[in-house]
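For reference, the structure discussed in these notes is given below.
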């Protein structure tokens, strides 16, 4: 049973490597646009929740439903979503002490793509333990 649930609409854009321009590094526009929209939507959904954000020590289940592109590496899919959760201040960070368990499932179908993110559990922060 999840303690928190978030939903994003549309196809996930896999995490992209920064590109090098003539004077700086930048992220590809498609990824940057997707990530900014995901952060805004997650932040909006987070508002009003009576939870002490950002979370630490959580198990996360991600379910992709609908017509998602299946040719992307799963680690890049996870990276996109975890980065958005961190930048929306839902997760403290996305290292292994902050995300203790991660699962990703694809339910491919003809429906419009959706992304369901469930926070399944939270462990107390090591800084607050006695």
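Listing for the model above:
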item: Residue among 55, 81, 120 with the largest mean-square fluctuation in a Gaussian network model of the chain, springs linking Cα atoms under 10 Å; result: 120
item: Likely footprinting exposure, 23, 83, 73, fewest C-beta neighbours within 10 Å first; result: 23, 73, 83
item: Average Cα contact separation per residue, segment 12-130, under 8 Å, 6 or more apart, as relative contact order %; result: 36
item: The chain - Rg and Dmax from Cα coordinates, angstrom; result: 15.3, 52
item: Helical contribution to [θ] at 222 nm, DSSP H n ≥ 4, -39,500 (n - 2.57), averaged over the chain, rounded to 500; result: -8000 deg cm²/dmol
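All of the numbers you see were taken from the coordinates with simple rules; none came from a lab. Only a predicted model underlies this, so the values are computations on that prediction, with no experimental measurement involved. Cβ atoms come from the backbone with ideal geometry, glycine included; neighbour counts cover every protein chain shown.
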